[in-house]
1. Below 14 angstrom from the Cβ of I114, what's the summed charge of the other residues (Lys, Arg +1; Asp, Glu -1)?
2. Would you work out the charge dipole size for the range 27-227 about its Cα centre, treating the Cβ of every Lys and Arg as +1 and the Cβ of every Asp and Glu as -1, and quote it to the nearest 20 debye?
3. If I stretch the segment between I16 and K272 completely, what's the gain in nm (0.36 nm per residue apart, minus their alpha carbon distance), one decimal?
4. Can you pull the semi-axes for the range 27-227, root of five times each eigenvalue of the Cα gyration tensor, sorted largest first, whole Å?
5. On a full-extension model of 0.36 nm per residue, what is the gain between K42 and V117, subtracting their alpha-carbon distance, rounded to one decimal in nm?
6. Please give the length that would be gained between I248 and I413 if that part of the chain were fully extended, namely 0.36 nm times their separation in residues minus their C-alpha to C-alpha distance (nm, one decimal).
7. Using a simple spin-label model with points 7 Å from Cα along the Cα→Cβ vector, what separation in nm is obtained for N289 and E426?
8. Could you list which residues have their amide H under 5 Å from that of K329, counting only those 5 or more apart in sequence or on another chain, with H placed in the peptide plane?
Amino acid sequence: MAEPTQKQQNKLFRIIKFSISRRFNLHLDKADEDDVVVSIKKNSDFVGANLWTLIFAIFIASIGLNVNSTAVIIGAMLISPLMGPIMGIGLGIGTNDFELVKKGLRNLLIATLISIVASTIYFYITPLHDAQSELLARTTPSIWDVFIAFFGGLAGIVAGTRKEKSNVIPGVAIATALMPPLCTAGFGLATGNFYFFMGAIYLYFINSVFICISTFLIVRFLRFRKKHFEDKNYEKKVSRYILITVIIAVFPSIYLAYGIVDKSIFENNAQKFVNEQFQFKNTQVVNKNFKYSSKGNEIDLLLIGYELPKTAIDSINGQLAKYKLKNTKLEIRQGLNAKQEIDFSQIKASILEDVFKKDSVTQTRNRSISLLDKPIPDIRQELKALYPEMKSYALSNVVLQKMDASANDTLSIMVASFSKKTSLLEQNKLRRWLKSRLQVDSVQVIIK
């Protein structure tokens, strides 16, 4: 069989190149540039309906965080119009429109302040003041939050420049999660927890900046027309103002993002170090704490069992460099130094975990006993907020006796009455919420 000629190879290469470039061409199905700009400018405004929508979304998100309901939080993020001014800032920077940048910054600041005030008011008056898991997740940014904000922003601006609008924008609103950090900041102010407030604002700032950066990149990639002025001196002044704005926003975010990345790498390396180096038959790690700091990192471990000799500890210390933990201090507390620090409930949990791994039947039985002994929380206020039409309810944990005596299981049962008939969809929603709130595997809801 004859080999293809150079001409045929070139033709094949051009066909492949054309096919790939066509598939990844963002100019296909691109909306009219003026329409895109008008749409983004309109969404940057926070007056009238947009402002009230934001306030309602903040209260919904605050309730969702308060009762630890993921579904309610997602609903609030879908309603929230916070993406508008952020994309407006990115568009303004990309098109040399300083007026749009100022407008976006002004509206974003107004929206941020209103959101924090509204959430602070809610958390100040609500009778529920416990920090639930959904709220705690918004107090410490991770490297994944940076990636989500950046790629979510790319997806959002690409969808915003299409002729036919899709469900991408709502998906981006959920993924980038601008609303929950602001509500968490309000919780921090209402409860006097400055750590919560700073952590949440930190996450919100990171999300906002990287959405803005991704918007700018796509706007420049699609070659949106830059705004020109008859007065060249004024045009230079505008460009200079925009550059200063970008530097003020981007450089701190890059520094903060670097800190998040460095912290994530340290925690992963530290976790691997502890898991691999502390595998002793008669000594167990019952508590570990990874402390990240610009002055020096620290791994703090609490051990029980036989005391490790100094030679073993020195040997373990020598392995730190292998895990890229060269400048990390290893603090080990054992024996007399550990007595006052031991959390016996934590030790009990660790022992039970080992026992459960060895005997699956015992695991099921102990889990059942644990659930029966577990007190049922008072969720009246939460149910009142989520289901105002509920008149009364009874809630208990029972043992489900199966025909096979060795396979007994536990079940949480709620019997509830409502002032009006509830749909099957509402009943399923209530069951899912109860599973999440009570942290159980199985729930049965009976409507009287």
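Just so it is clear, none of the values below were taken in a lab; they were calculated from the coordinates. As the structure is a computational prediction, the values presented were derived from the model and not from experiment. Cβ atoms come from the backbone with ideal geometry, glycine included; neighbour counts cover every protein chain shown.
1. 0
2. Using only the charged Cβ atoms, the result is roughly 560 debye.
3. Result for the pair: 87.7 nm of gain on full extension.
4. Its equivalent ellipsoid spans semi-axes of 30, 16, 15 Å.
5. 24.6 nm
6. The span from I248 to I413 would gain 53.8 nm if fully extended.
7. 4.8
8. N297, E298, I299
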